[in-house]
Amino acid sequence: MILWSPTAIDLEKLYQSWAKSVAYPARLRYSETMRVLGIETSCDETAAAIVDDDRRVLSNVVLSQLDDHRPFGGVVPEIAARAHLTHLDGIIEKALTDADIGFEGLDAVAATTGPGLIGGVMVGAITAKAIALARGLPFVAVNHLEGHALTARLTNAVEFPYLLLLVSGGHCQLLAVEGVGRYTRYGTTVDDAVGEAFDKTAKLLGLGFPGGPAVERAATQASNPKAFDLPRPMAGKPHCDFSFSGLKSAVRRHCDALQPRSDGTYAPEDVQNLAAGFQQAAADVLADRTRRAADRFIKDYGSGVLVVAGGVAANQTLRVALENAANDAGMGFAAPPPGLCTDNGAMIAWAGLERFRLGRQDPLDFKARPRWPLDDPSLAVDDTIEGASI
Ligand code: KG4
Ligand code: ZN
């Protein structure tokens, strides 16, 4: 006679209780320093890092795949996934060596499980799960955007709540960050992300790939950043949304009106001036929208800090424009160092650590997600549990 035939729900419960028992030794070690390995493979950087809860980055290894993708003028998902597979083991080994610890010195392993290019995300997530299983470590699934969002807490010890401008290759959002996993979206782009606009502008100007740093470099050489008239889409609007397609089209129209030289390129002076004009227009609209969001944030929370994060936050002109916006609004300002704005493993390790020390870990069948918005309720963490520390 069959007394008990486990259903999927029973098995999930069993799994959860097993997973909890795995977590306990790590939670007991909480009075000592907690160390987390973070793995990032969602786009074209293969990265691993170890951080501790004293906000120290013990190692941070980033392998850029730029040379693999450059001939194609952009990231090719299949090439990215294969390159992650080839290099990730060595990158993790180097992260451990640089931090001078072994797997036994870790309390948890975290990996980006989305959003991003799904082949690459799966390589990183499966590797982290395999380490977790083999070493009896808790696995923490990290939303890549949350990695960017929480980095300023690692680098600048920013406290909740804060206003976040998240600017990357795929996202452009203003959010109130209330806690780990707790985000309220104030505004987002209605078309392109600002990083995408930088990349497309670079392509139009023949500056190559990746676009953002190339546009910034060209802009520093500009003789007249006001030589080209460029729009500020959405500036002055009462909401907090963005639009960048009009700005991109304006750059294209200016390019079409220029006389290319015999080799098809434009005169360096025109390229530099157009790059500077685009960069200033992008910074102006980002600052304008952020001022609007700052008004709302101050109404909602009193005062606070403006944080800028994501790859585009590496841009110096933008940082200056945002710092001014924060000053005008009577808010503090924090931006991680440029190397921690672009994709890296430390941001994933830190977000994993923040989630883990609130008691959060994830099952080994956690699914990788190509799309995963930051205000998704699944990200919420109960930070009211006893012993949870922020
Ligand atoms: O956060 P990230 O490294 O990857 C994504 O999650 O998308 O952001 C990449 C984006 C690219 O569009 C890149 O051109 C842009 O960030 N970026 C910059 C700069 N450095 C990277 N944009 C403007 N100025 C920069 N210095
Ligand atoms: Zn990113």
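The values are calculated or read from the model by the stated rules, or taken from the named source; none is laboratory data. Fair warning: this is a prediction, and the values are worked out from it, not measured in the lab. Please note: Cβ atoms are built from the backbone with ideal geometry, for glycine as well, and neighbour counts cover all protein chains shown.
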Quiz prompt | Meets criteria (within 16 Å of ligand 2 (Cβ to nearest atom), assigned to a loop (DSSP other than H, G, I, E, B), surrounded by 14 or more Cβ atoms within 10 Å (Cβ to Cβ) and outside the structural domain of residue 187 (by TED's automatic domain parsing)) for residue 358 | solution = no
Practice problem: Give the stretch 248-287 a look and list any residue that's among the acidic types (Asp, Glu), over 27 Å from the mean Cα position of the chain (by Cα) and in a helix (DSSP H, G or I), or say none. | Solution: 256, 269, 270
Quiz item: Does residue 369 fit the bill of being within 16 Å of ligand 2 (Cβ to nearest atom) and under 25 Å from residue 45 (Cα atoms)?
Solution: yes
Quiz item: So which residues in the stretch 45-62 are within 16 Å of ligand 1 (Cβ to nearest atom) and surrounded by fewer than 20 Cβ atoms within 10 Å (Cβ to Cβ)?
Solution: 62
Exercise. Would you mention how many residues in the stretch 191-241 are touching a strand residue (DSSP E or B) at 6+ places or on another chain (Cβ under 6 Å) and either β-branched (Val, Ile, Thr) or within 16 Å of ligand 1 (Cβ to nearest atom) (or both)?
Key: 2
Practice problem: Determine, yes or no, whether residue 277 is within 16 Å of ligand 2 (Cβ to nearest atom), at pLDDT 95 or above and buried (at least 16 other Cβ atoms within 10 Å of the Cβ). | Solution: no
Self-check item: Looking only at the stretch 91-116, and only at residues there that are part of a strand (DSSP E or B) and of a type in the set (Ser, Thr, Tyr), the one that is farthest from the chain's Cα centre (by Cα)
Solution: 113
Quiz item: Is there a residue being farther than 22 Å from residue 322 by Cα and polar (S, T, N, Q) anywhere in the stretch 247-254?
Solution: yes
Quiz item: If only one of 252, 261 is over 30 Å from residue 362 (Cβ atoms), modelled with pLDDT of 95 or more and not polar (S, T, N, Q), which one is it?
Solution: 252
Self-check item: Positions within the stretch 24-45 being modelled with pLDDT of 95 or more, more than 14 Å from the chain's Cα centre (by Cα) and either assigned to a strand (DSSP E or B) or of a type in the set (S, T, N, Q) (or both), in sequence order
Solution: 35, 36, 37
Quiz item: Scanning for something at pLDDT below 95 and under 30 Å from residue 141 (Cα atoms), does the stretch 336-347 turn up at least one residue?
Solution: no
Self-check item: Residue check for residue 187: at negative phi, out of contact with any Pro (no Cβ under 6 Å at 6 or more places or on another chain) and within 16 Å of ligand 1 (Cβ to nearest atom)
Solution: no
Exercise. Working only within the stretch 308-367, note down all residues that are among the aliphatic types (A, V, I, L, M) and within 11 Å of ligand 1 (Cβ to nearest atom).
Key: 309, 312, 313, 314, 318, 340, 347
Quiz item: Right, residue 241: away from ligand 2 (no atom under 16 Å from the Cβ) and surrounded by fewer than 14 Cβ atoms within 10 Å (Cβ to Cβ) or not?
Solution: no
Quiz prompt | Pairs, first in contact (Cβ under 8 Å) with a residue 60 or more places away in the chain in the stretch 288-302, second surrounded by 15 or more Cβ atoms within 10 Å (Cβ to Cβ) and part of a helix (DSSP H, G or I), C-beta under 7 Å, six or more apart | solution = 290/322; 290/325; 294/325
